[in-house]
Amino acid sequence: ALTCDDGPNGRHTIAILDVLRERGIRAVFAVVGEQIRRPGGPQILQRIVRDGHLLCAHGMTFDDMGDWSPDAVRADIDEFLATLRYGLGGLDAPLYYFRAPNGNWGRTAHIAVEYGMQPLGVVNTIGDWRDQDPDLLATRLRQAMKPGQVVLAHDGGGDRSGTAAAFATVLDERIAE
């Protein structure tokens, strides 16, 4: 399952959405509340849903929630849910998953389940937070894609132009196979 993390983020999320749409591929988008609130965030979130992708809560911020109290985690999820409803602008979209920021779960997994979300753990990543060389990221994406497992790339949190290019290259190869 292809998962995009840390968006929505303007042109980078749009570039990835374009790549996925052109190939008829659906993904999971782990969205951050503060990113939804940025200019253009609601429109991109709505496109994610209209294009048939699944949503995953990734918290209000990029802050590590691993040592947060249960009340603080619940408050963050409540604020995220309100922000998500605002961003969707009336669109109906189920929220299937929760991904802990930085992968540090602490109490978040149990609380996410209370809210009806499945914790989404990720071990197969392409390291696109370190660099954006498209060829290197394509190699990493080929290595990370394993049948029946989740692979994580980023559409937010910085320059992700190489990620979109790597998606196009590797997805075209997989489709041709």
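Structure data summary
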quantity: The chain, helix-only ellipticity at 222 nm - DSSP H runs n ≥ 4, -39,500 (n - 2.57), divided by all residues, nearest 500; calculated: -14000 deg cm²/dmol
quantity: For the range 73-121, accessible area per residue (1.4 Å probe, heavy atoms of protein chains only), Å²; calculated: 52
quantity: Among L152, L120, L45, residue whose mean-square fluctuation peaks in a GNM of the chain (springs only between Cα atoms under 10 Å); calculated: L120
quantity: Estimated inter-spin distance, A176 and R50, nm [label 7 Å along Cα→Cβ]; calculated: 3.2
quantity: Accessible surface of the range 1-126, 1.4 Å probe, proportion on carbon and sulfur as whole %; calculated: 49
quantity: Relative contact order of the range 71-177, defined on C-alpha pairs under 8 angstrom at six or more residues apart (%); calculated: 21
quantity: Which of R160, R140, R11 is most accessible, then next, and so on - probe 1.4 Å; calculated: R11, R140, R160
quantity: Amide H contacts of R107 (H built 1.01 Å from N, under 5 Å, at least 5 apart or other chain); calculated: W68
quantity: DSSP-loop trypsin sites (Lys or Arg not before Pro) across the range 76-130, with at most 15 other Cβ within 10 angstrom; calculated: R130
quantity: Gained length - R21 relative to R130, 0.36 nm times residue gap less alpha-carbon distance; calculated: 36.6 nm
quantity: Separation of the R37 and D67 label points, Cα + 7 Å toward Cβ, nm; calculated: 2.4
quantity: Surface accessible to a 1.4 Å probe, per residue, for the residues of the range 1-47, Å²; calculated: 40
quantity: Full-extension gain in nm, K146 to N104, via 0.36 nm per residue minus C-alpha separation; calculated: 12.8 nm
quantity: Karplus-derived 3J(HN,Hα), 6.51/-1.76/1.60, for each residue of the range 86-101, Hz, glycine and proline x; calculated: 4, x, 6, x, x, 5, 9, 8, x, 10, 7, 10, 9, 10, 5, x
quantity: L81 paired with Y115, simple spin-label distance in nm, labels 7 Å along Cα-to-beta-carbon; calculated: 0.7
quantity: Packing-based order for 86-94, 58-66, using average beta carbon neighbours within 10 Å, highest first; calculated: 58-66, 86-94
quantity: Unit charges at the beta carbon, dipole of the chain: most positive-side option, I25, I14, I48; calculated: I25
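The values are calculated or read from the model by the stated rules, or taken from the named source; none is laboratory data. None of the values given here were measured: they were computed from a predicted structure. When we count neighbours, we look across all protein chains shown, and the Cβ atoms used for this are built from the backbone with ideal geometry, even at glycine. Note: accessible area is taken over every heavy atom of the protein model, side chains too, but ligands, DNA and RNA are not part of it. Shrake-Rupley method; radii C 1.70, N 1.55, O 1.52, S 1.80 Å.
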